[in-house]
Amino acid sequence: MPLSLLAALALGANPAPAPHPFNQQDLVTLRRLSSPRVSPDGRQVAYVLRSTDLEANRGRTDLWLVNLDGAAPRQLTSDPSSDSDPVWAPDGKSLFFLSSRGGSSQVWRLPVDGGEPLPVTKLPLDVNSFALSRDGQQLAVALDARPDCADLACNTQRAAEASKKKTTGRAYDQLFARHWDTWKDGTRSHLFVVPVAGGTAVDVMKGMDADAPSKPFGGAEEFTFTPDGKGIVFAARDVGPTESWSTDLDLFLAPVDGKTKPRKLTEKNRATDTSPVFSPDGKTLAYVAMSRPGFEADRYRVILRTWPGGQERVLTQDWDRSAGSLAWSKDGATLYTTANDVGQNTVFALDVATGKARSLTQGGSADGAQPAADGQVVYAMDDLDSPADLYAVKADGTGARQLTQVNKDALAGLKFGAFEQFNFPGWNNETVHGYVVKPVDFDPKRQYPLAFLIHGGPQGSFGNHFHYRWNPQVYAGRGYVAVMIDFHGSTGYGQAFTDSISGDWGGKPLEDLQKGLNAALQKYPFIHKTKRCALGGSYGGYMINWIAGNWADGFQCLVNHDGIFDERAAYYDTEELWFPEWEHKGLPWEKPESYEKFNPVNQVAKWKTPMLVIHGGKDYRVVDTQGIATFTALQRRGIPSRFLYFPDENHWVLKPQNSIQWHDEVLGWLDRWTRK
């Protein structure tokens with residue numbers, strides 16, 4: 001070949017761009033894997049893959065399929081509408097799923113070996129979630145319906161009448177008036193049973209003034225058909241006017257024909273009972289339950305109930321972890337679950353005979369563990385530098401292997417910061433854990449500014465997890481060291497550790513954060529000692545306000561997302577009253593001192609640190625006036641401050657373009673005060 005031609009080919013080549021540091025654009029546009037579902041023969045896994053359409057400013061979800069050996073991943077749906085929630089037919093030849101492709105959310109069915117999806121339901125109301133009976137002949141669908149309506153025709157008529165009204169006022173006689181990000185409109189999430197072959201939808205909760213699944217986050221994990229297909233077991237909070245201060249979710253049994261009222265199965269427990277799952281032989285019902293009424297962060301114990309006899313035993317009484325979703329092994333001898341565990345979210349195998357727990361994974365955050373063929377367990381896994389992919393591991397915890405690489409091409413062009421876990425003596429010299437994420441292109445001879453991230457909850461964790469709202473790699477990509485401390489009150493370190501924050505919001509956690517920062521400065525000399533910014537959302541936002549008055553020289557800047565300014569006012573503003581009543585040990589008019597002891601509003605005179613305040617207009621958990629009040633206090637005191645308001649976001653910033661703006665503002669604020 002002539003040299004001139006070789007030169008021309010070289011000039012015309014398009015080499016791959018050099019990898020760049022991970023940033024907020026990458027965070028928003030990476031594909032997100034969820035909802036793995038193993039086929040009945042255990043040799044295929046269906047899953048949901050979300051891609052981001054920045055122009056439309058939304059995520060789009062499609063169904064995919066991969067073999068258990070990781071071979072031949074293929075896309076099953078590609079409609080512009082969202083497809084989600086795959087459920088296998090008993091014969092493994094088709095998948096039921098939710099889709100909005102027909103203009104409303106309905107159940108569809110797709111042959112996995114080829115063919116077009118067909119609608120299964122054509123109901124006048126959106127299907128929010130669904131379950132399939134063991135024989136594949138019936139669906140239980142969750143619809144937002146009026147509890148006093150006898151049928152769907154009544155619901156349609158009532159909706160038509162409401163649309164013709166010229167008035168807009170709504171009157172309420174009891175709480176909830178609004179919940180999370182939605183004003184109540186007189187409907188409830190009710191379960192209807194409808195034949196797959198078509199027929200009349202039957203409300204099995206007729207007349208119940210309760211939601212199943214629960215609002216705002218409950219899904220299909222909260223209800224299931226009985227093994228014989230004659231009944232539905234579901235979780236609901238049916239407590240009348242005490243709903244906003246009760247955590248008493250119970251399990252109910254309702255006949256599929258709706259001819260008799262649901263019967264409460266868990267009458268004795270006034271705390272939460274949820275997530276029912278029947279054993280393969282149909283003789284045992286497993287579910288998770290808390291034991292302390294009013295406490296939303298109590299430990300979930302696994303309960304086994306003989307079916308239909310009703311004798312119960314606590315399987316995990318001696319296991320000091322809180323169980324997540326449950327899945328039975330094929331032989332019924334093991335339950336698979338996940339649980340927060342010292343900064344990880346681990347897959348555990350629970351021996352049904354003894355309750356003994358064995359860990360099957362060693363690092364990262366696992367979800368959706370379920371049995372597959374050849375004694376394997378499938379799960380989704382992510383960690384601090386890898387978004388979720390599917391994995392399989394042998395039932396003895398060996399031979400873990402990756403099944404998918406859904407972001408392979410994108411990750412090849414990205415650079416992440418190295419991370420490690422550390423620990424130190426915190427409050428009362430008890431061991432506290434944290435993570436450090438080093439800047440991208442780390443140079444040990446340099447010093448870097450610090451992004452000190454404080455998690456929410458407060459019963460939560462900033463662990464080994466690839467987070468899509470609070471991801472430390474965004475800061476590492478910008479040249480910051482990120483440090484995260486799992487202070488007293490965090491989950492995954494035993495229930496006593498979690499309990500220790502209640503009634504002490506500004507005590508042990510603040511001490512842990514202070515000691516954690518000092519430990520990080522001593523252990524990692526590359527952290528700049530005078531260029532530091534602290535950031536937090538929800539409880540983390542509260543802690544930012546508390547730091548402003550009680551650790552005034554700790555940081556050069558602060559970022560407060562949806563944080564509480566005034567604890568006393570926040571009680572009257574919020575919707576789930578059980579939370580402040582438990583955390584502050586009573587009612588504000590009976591125990592005002594409990595609400596004032598660690599109240600940021602009382603410390604405003606000490607504030608002096610520049611703060612960026614962010615709030616969502618649809619946040620009814622910590623209402624926007626809390627953020628406005630914080631900004632008002634800062635401005636009136638002459639402290640450099642900025643207020644970022646999202647009128648269309650709730651407690652979380654979810655829209656892709658808003659997420660990018662959020663990060664632009666936050667990083668710009670950090671740069672302003674730490675890059676001088």
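At pLDDT 95 or above, assigned to a loop (DSSP other than H, G, I, E, B), in contact with a strand residue (DSSP E or B) (Cβ under 8 Å, 6 or more places away or on another chain) and of a type outside the set (A, V, I, L, M, F, W, C): does that describe Gly70? Give the steps one after another, and end with the answer.
On the way: at pLDDT 95 or above: yes; assigned to a loop (DSSP other than H, G, I, E, B): yes; in contact with a strand residue (DSSP E or B) (Cβ under 8 Å, 6 or more places away or on another chain): yes; of a type outside the set (A, V, I, L, M, F, W, C): yes.
Answer is yes for this residue.
In segment 42-63, the residue that is surrounded by the fewest Cβ atoms within 10 Å (Cβ to Cβ) out of those that are in contact with a Ser or Thr (Cβ under 8 Å, 6 or more places away or on another chain) and either among the hydrophobic types (A, V, I, L, M, F, W, C) or under 24 Å from Lys330 (Cβ atoms) (or both) is Leu54.
In segment 573-630, the qualifying residues are those that are among the hydroxyl-bearing types (Ser, Thr, Tyr) and under 20 Å from Leu510 (Cβ atoms), and the one that is surrounded by the fewest Cβ atoms within 10 Å (Cβ to Cβ) is Ser594. Restricting segment 631-642 to residues that are more than 10 Å from Pro610 (Cα to Cα) and in contact (Cβ under 8 Å) with a residue 12 or more places away in the chain leaves a set whose member that is surrounded by the fewest Cβ atoms within 10 Å (Cβ to Cβ) is Arg637. Quick one: count up the residues across segment 455-464 that are more than 16 Å from Gly541 (Cβ to Cβ) and either modelled with pLDDT under 95 or buried (at least 23 other Cβ atoms within 10 Å of the Cβ) (or both). Looking only at that region, the number is 2. Any residue in segment 163-170 that is touching a helix residue (DSSP H, G or I) at 6+ places or on another chain (Cβ under 9 Å), loosely packed, with under 14 Cβ neighbours inside 10 Å and either over 25 Å from Pro280 (Cα atoms) or aliphatic (A, V, I, L, M) (or both)? No, there is no match, as no residue in segment 163-170 is touching a helix residue (DSSP H, G or I) at 6+ places or on another chain (Cβ under 9 Å), loosely packed, with under 14 Cβ neighbours inside 10 Å and either over 25 Å from Pro280 (Cα atoms) or aliphatic (A, V, I, L, M) (or both). Among residues of segment 334-361 that are buried (at least 22 other Cβ atoms within 10 Å of the Cβ), those with a beta-carbon under 6 Å from a residue that is hydroxyl-bearing (Ser, Thr, Tyr) and part of a loop (DSSP other than H, G, I, E, B) at least six positions away or on a different chain give the pairs Ala339/Ser322; Asn340/Ser461; Asn340/Thr491; Thr346/Thr361; Val347/Thr361. The single condition among (1) within 30 Å of Ser78 (Cβ to Cβ); (2) surrounded by 11 or more Cβ atoms within 10 Å (Cβ to Cβ); (3) of a type outside the set (Val, Ile, Thr) that Leu118 does not meet is (2). Which ones in segment 289-311 are under 30 Å from Gly586 (Cα atoms), of a type in the set (Lys, Arg) and in contact with a Leu (Cβ under 8 Å, 6 or more places away or on another chain)? Scanning segment 289-311 gives a single hit, Arg301.
For segment 601-615, indicate whether the set of residues that are in a loop (DSSP other than H, G, I, E, B) and either within 30 Å of Arg237 (Cα to Cα) or out of contact with any helix residue (DSSP H, G or I) (no Cβ under 7 Å at 6 or more places or on another chain) (or both) is non-empty. Yes, segment 601-615 contains at least one residue that is in a loop (DSSP other than H, G, I, E, B) and either within 30 Å of Arg237 (Cα to Cα) or out of contact with any helix residue (DSSP H, G or I) (no Cβ under 7 Å at 6 or more places or on another chain) (or both). Of the residues in segment 251-264, at least one is aliphatic (A, V, I, L, M) and farther than 23 Å from Tyr300 by Cβ.
For (1) closer than 16 Å to Gln421 by Cα; (2) surrounded by 21 or more Cβ atoms within 10 Å (Cβ to Cβ); (3) hydroxyl-bearing (Ser, Thr, Tyr), each residue gets a yes or a no:
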| site | (1), (2), (3) |
| --- | --- |
| Leu513 | yes, yes, no |
| Gly516 | yes, yes, no |
| Ile527 | yes, yes, no |
| Arg532 | no, yes, no |
| Met543 | no, yes, no |
| Ala552 | no, no, no |
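The residues on offer are Gly219, Gly207, Gly240, and the sole one that is closer than 22 Å to Asp273 by Cβ, surrounded by fewer than 18 Cβ atoms within 10 Å (Cβ to Cβ), in contact with an Asp or Glu (Cβ under 9 Å, 6 or more places away or on another chain) and at pLDDT below 95 is Gly207. Taking segment 364-396 as the range and being closer than 11 Å to Val347 by Cβ and not in a strand (DSSP E or B) as the test, the residues that pass are Gly364, Ala395.
Are there any strands (runs of 3 or more DSSP E) wholly within segment 246-323 with 3 or more residues that are at pLDDT 95 or above and surrounded by fewer than 18 Cβ atoms within 10 Å (Cβ to Cβ), and if so which? Write out each step before concluding.
Working: elements: 250-255, 273-278, 284-289, 301-306, 312-314.
Those strands (runs of 3 or more DSSP E) span 312-314.
Pairs meeting the criteria (first residue in segment 163-188 and on the phi > 0 side of the Ramachandran plot, second residue among the aromatic types (Phe, Trp, Tyr) and in a loop (DSSP other than H, G, I, E, B), beta carbons under 7 Å, at least 6 apart or on different chains) are Trp180/Tyr620.
The values are calculated or read from the model by the stated rules, or taken from the named source; none is laboratory data. It should be emphasised that the depicted structure is a prediction, and the values quoted were computed from it without experimental measurement. Counting neighbours? That spans all protein chains shown, and the Cβs are built from the backbone with ideal geometry, glycine included.
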